[in-house]
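Comments concern the structure below.
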Amino acid sequence: MSDRLRTLAEKHAIPYKVDIYPYYGSDGEAFWTAGGDVAIALIGPGVDASHNYERTHTEALLATTRWVLAYLLEE
């Protein structure tokens, strides 16, 4: 899934950065724990701080929106 998303970003000239959060959980991970078998990847704007006073940039929000749309409209 991650490779697919990176390929989409490159195809549509959407800026992105890969980051890894080893102690971060997601709904997808909870689904795996419950026995689900699907590919998951997380995308979103980069933020400074988490679960407190989060800050990001308009460009990051626009890039994330373009990325989601590219994924949804992919043929």
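The values are calculated or read from the model by the stated rules, or taken from the named source; none is laboratory data. Computed from a prediction, not measured in an experiment: that's the story for all the values here. Don't worry about glycine lacking a Cβ; one is built from the backbone with ideal geometry, like all the others, and counts go over all protein chains shown. We work out accessible area using only protein heavy atoms, side chains counted, and drop any ligands, DNA or RNA first. Shrake-Rupley method; radii C 1.70, N 1.55, O 1.52, S 1.80 Å.
Looking at the stretch 2-11, is at least one residue within 14 Å of the chain's Cα centre (by Cα) and over 21 Å from Glu74 (Cβ atoms)? Taking every residue of the stretch 2-11 in turn, none turns out to be within 14 Å of the chain's Cα centre (by Cα) and over 21 Å from Glu74 (Cβ atoms). Cβ-Cβ contacts under 7 Å between residues 6 or more apart (or on different chains), taken from a first residue in the stretch 22-47 that is free of Cβ contacts under 8 Å to residues at least 24 places away in the same chain to a second residue that is small (Gly, Ala, Ser) and open to solvent by less than 100 Å² (accessible area, probe 1.4 Å), are listed as Leu42/Ser26; Pro45/Ala60. Residues that are over 15 Å from Tyr71 (Cβ atoms), β-branched (Val, Ile, Thr) and at pLDDT 90 or above within the stretch 35-60 comprise just one, Thr58.
Name the residue, out of Leu8, Leu72, that is surrounded by 12 or more Cβ atoms within 10 Å (Cβ to Cβ) and in a helix (DSSP H, G or I).
Leu8
Any idea which residue in the stretch 14-34 is least open to solvent (accessible area, probe 1.4 Å), counting only those that are within 22 Å of Thr65 (Cα to Cα) and among the acidic types (Asp, Glu)? Within the stretch 14-34, the match that is least open to solvent (accessible area, probe 1.4 Å) is Asp19. Considering each residue of the stretch 35-49, count those that are surrounded by fewer than 13 Cβ atoms within 10 Å (Cβ to Cβ) and within 10 Å of the chain's Cα centre (by Cα), and give that number. Total satisfying the criteria: 1.
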